[in-house]
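The values are calculated or read from the model by the stated rules, or taken from the named source; none is laboratory data. This one's a predicted model, so the numbers in the text were calculated from it and none came from an experiment. As a convention, Cβ positions derive from the backbone with ideal geometry for all residues, glycine included, and neighbour counts pool all protein chains shown.
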Amino acid sequence: MIATANPLASYRAHQTEIDDAIRRATASGWYILGPEVEAFEAEFAAYIGVKHCVGVANGTDAVRLAVQAAVPFRGAEGVTVSMSATATVAAITEAGWQPLLLDILPDEYTLDPAALEAALTAPGMFVVPVHLYGHPARMEAILRLAAERQATVIEDCAQAHGAMALGRRVGSLGAAAAFSFYPTKNLGALGDGGAVVTDSDDIAARVRLLRMYGWRTRYVSEIHGSNSRLDELQAAILRVKLRHLDADNARRMYIADTYNAAFADLPGVRLPPTGGVYHQYTIRHPKRDALRDALAALGVGASVLYPVPIHLQPAYADSPPLSLPVTEQFAKDLLCLPMYPELTAAEVDAVCTAVRQAATALE
Ligand SMILES: Cc1ncc(COP(=O)(O)O)c(C=O)c1O
């Protein structure tokens with residue numbers, strides 16, 4: 001079966017370098033917040049094009065700590081999308097703010113600026129655009145609306161390492177941004193990891209306090225903080241993976257172009273928007289479940305990220321009912337096909353053939 005993602009293939013592709021980095025970090029005697037984390041933070045900040053990167057334990061914490069550090073009013077409303085990892089919203093509620101979930105654009109799967117315009121009703125709100133599947137949200141409109149309504153923008157870049165918007169890397173456009181280094185991400189560790197990036201000295205300093213008990217000086221808690229640190233081993237591994245990120249993303253884009261050409265005239269299949277870094281390659285099909293089953297029978301894995309939008313998840317059942325028709329329809333017909341840089345030409349070919357065969361049979 002050709003998998004939809006394959007972190008083991010990513011490790012194998014860079015195994016010698018990664019093993020060397022693991023040996024170096026292991027032999028150093030520093031395991032928490034040492035030279036590897038410091039070097040990775042500097043390298044990732046330079047890559048994104050911002051002044052600061054603060055390594056944290058995972059992407060959920062990265063969103064939470066970015067919100068805590070960047071949004072001065074506890075309890076403020078945070079606007080985001082329902083079509084995301086539950087983590088985006090969990091991070092907002094955990095930080096003590098109120099999530100306000102909006103609909104997405106029909107052809108782009110990201111925050112609908114018209115819905116945002118209607119939702120940003122009071123100063124002091126914040127907005128968390130999610131660059132879903134590696135496709136940048138409509139940042140020009142989002143930044144303009146946020147500036148007009150004095151809202152803070154915190155990008156959720158967990159799926160979009162290296163994507164570009166407005167001539168810059170995503171993560172450099174708002175007040176702060178959150179990244180996840182979960183193993184299957186475009187930049188993935190061999191365990192959990194995350195980072196907050198920002199140009200603001202204040203926000204970076206606050207995230208540094210929040211990630212370690214509120215300490216600036218050891219054993220003195222200046223503010224209420226907790227523990228959310230990126231460890232040295234993961235930082236050492238991420239430094240290797242970062243060197244390959246642009247080439248890996250280029251390969252994802254090449255595979256996406258190949259899929260686009262193979263599926264362009266297929267009945268029932270809607271192609272994804274172009275222009276991102278294809279964390280996922282996501283098509284739409286009116287008989288999605290049948291297509292997924294047919295692909296499985298042909299040896300091609302396909303997955304549904306996400307089958308249940310956040311506003312319909314049991315955990316959010318006590319929130320006022322919401323109707324988000326574009327999101328709800330999208331959850332019914334989206335299908336993510338195999339997408340990772342190490343897919344071989346033969347595997348890409350096999351996916352193209354299987355999708356063509358299965359979609360034609362479903363006509
Ligand atoms: C859009 C989005 N936000 C946040 C997260 C949370 O990241 P993590 O799993 O590292 O906590 C993820 C990853 O699952 C994600 O895809």
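Of all the residues in the stretch 39-48, those that are touching a residue at least 24 places away in the same chain (Cβ under 8 Å) and farther than 14 Å from I237 by Cβ number 4. For the stretch 265-272, indicate whether the set of residues that are within 21 Å of the chain's Cα centre (by Cα) and part of a loop (DSSP other than H, G, I, E, B) is non-empty. Yes, there is a match, as at least one residue in the stretch 265-272 is within 21 Å of the chain's Cα centre (by Cα) and part of a loop (DSSP other than H, G, I, E, B).
Say we look at the stretch 165-182 and pick out the residues that are within 17 Å of F126 (Cα to Cα) and part of a loop (DSSP other than H, G, I, E, B); which of these is nearest to the ligand (Cβ to nearest atom)?
In the first step, residues of the stretch 165-182 are kept if they are within 17 Å of F126 (Cα to Cα); the result is 171-178.
The next check asks that each one be part of a loop (DSSP other than H, G, I, E, B); those that pass are 171-175.
Working: G171: 13, S172: 18, L173: 16, G174: 14, A175: 17 Å.
Once the filter is applied, the top-ranked residue is G171.
Of the residues that make up the stretch 336-346, is at least one in contact (Cβ under 8 Å) with a residue 60 or more places away in the chain and assigned to a helix (DSSP H, G or I)?
Just the residues of the stretch 336-346 that are in contact (Cβ under 8 Å) with a residue 60 or more places away in the chain, to begin with: 336-343.
From what is left, the residues that are assigned to a helix (DSSP H, G or I) are none.
No: zero hits.
The condition (being at pLDDT 95 or above and away from the ligand (no atom under 16 Å from the Cβ)) is satisfied by just one residue among V37, V67: V37.
A quick yes/no check of all residues on (1) surrounded by fewer than 24 Cβ atoms within 10 Å (Cβ to Cβ); (2) free of Cβ contacts under 8 Å to residues at least 12 places away in the same chain; (3) on the phi > 0 side of the Ramachandran plot; (4) within 16 Å of the ligand (Cβ to nearest atom):
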site: A205; (1), (2), (3), (4): yes, yes, no, no
site: S221; (1), (2), (3), (4): yes, yes, no, no
site: V240; (1), (2), (3), (4): yes, no, no, no
site: N260; (1), (2), (3), (4): yes, no, no, no
site: D265; (1), (2), (3), (4): yes, yes, no, no
site: T274; (1), (2), (3), (4): yes, no, no, no
site: T282; (1), (2), (3), (4): no, no, no, yes
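Just checking, which of G59, G49, G96, G75 is in contact with a Ser or Thr (Cβ under 7 Å, 6 or more places away or on another chain) and surrounded by fewer than 17 Cβ atoms within 10 Å (Cβ to Cβ)? Talk me through it step by step, then tell me what you get.
On the way: G59 fails: surrounded by fewer than 17 Cβ atoms within 10 Å (Cβ to Cβ); G96 fails: in contact with a Ser or Thr (Cβ under 7 Å, 6 or more places away or on another chain); G75 fails: in contact with a Ser or Thr (Cβ under 7 Å, 6 or more places away or on another chain).
After applying the criteria, what remains is G49.
Go through the stretch 185-239 and give me each residue that's of a type in the set (D, E) and more than 15 Å from A66 (Cα to Cα). First the steps, then the outcome.
Of the stretch 185-239, the ones of a type in the set (D, E) are 192, 199, 201-202, 222, 231-232.
Those that are of a type in the set (D, E) and more than 15 Å from A66 (Cα to Cα): D192, E222, D231, E232.
One residue stands out in the stretch 152-164 among those that are assigned to a strand (DSSP E or B) and closer than 25 Å to A119 by Cα: the one that is farthest from the ligand (Cβ to nearest atom), namely T152. Restricting attention to the stretch 185-203 and to residues that are more than 10 Å from the ligand (Cβ to nearest atom) and acidic (D, E), the residue that is surrounded by the most Cβ atoms within 10 Å (Cβ to Cβ) turns out to be D199. Got at least one residue in the stretch 134-143 being away from the ligand (no atom under 12 Å from the Cβ) and closer than 24 Å to G225 by Cα? No, the stretch 134-143 contains no residue that is away from the ligand (no atom under 12 Å from the Cβ) and closer than 24 Å to G225 by Cα. For the stretch 118-134, a tally of residues being closer than 22 Å to F330 by Cα and surrounded by fewer than 19 Cβ atoms within 10 Å (Cβ to Cβ) returns 1.
Number of residues in the stretch 83-124 that are within 13 Å of the ligand (Cβ to nearest atom) and at positive phi equals 1. Filtered by the rule that a residue be buried (at least 24 other Cβ atoms within 10 Å of the Cβ) and within 10 Å of the chain's Cα centre (by Cα), the stretch 170-184 gives A178, F179, S180, F181.
All conditions but one from (1) surrounded by fewer than 14 Cβ atoms within 10 Å (Cβ to Cβ); (2) more than 18 Å from A9 (Cα to Cα); (3) within 19 Å of the chain's Cα centre (by Cα) apply to L305; the one that does not is (1).
For the stretch 33-151, list the helices (runs of 4 or more DSSP H) that sit wholly inside it and hold at least 2 residues that are farther than 22 Å from G167 by Cα; which are they?
In the stretch 33-151, 35-48, 59-70, 86-94, 113-119 are the helices (runs of 4 or more DSSP H) which contain 2 or more residues that are farther than 22 Å from G167 by Cα.
Out of L291, L298, I need the residue that is surrounded by fewer than 21 Cβ atoms within 10 Å (Cβ to Cβ) and either free of Cβ contacts under 8 Å to residues at least 60 places away in the same chain or farther than 30 Å from F179 by Cα (or both). Which one?
Criteria check complete, one pass: L298.
The set of residues from the stretch 243-268 being under 28 Å from F40 (Cβ atoms) and among the charged types (D, E, K, R) comprises R243, D246, D248, R251, R252. Just one of (1) over 18 Å from the mean Cα position of the chain (by Cα); (2) within 16 Å of A5 (Cβ to Cβ) fails for P338. It is (1).
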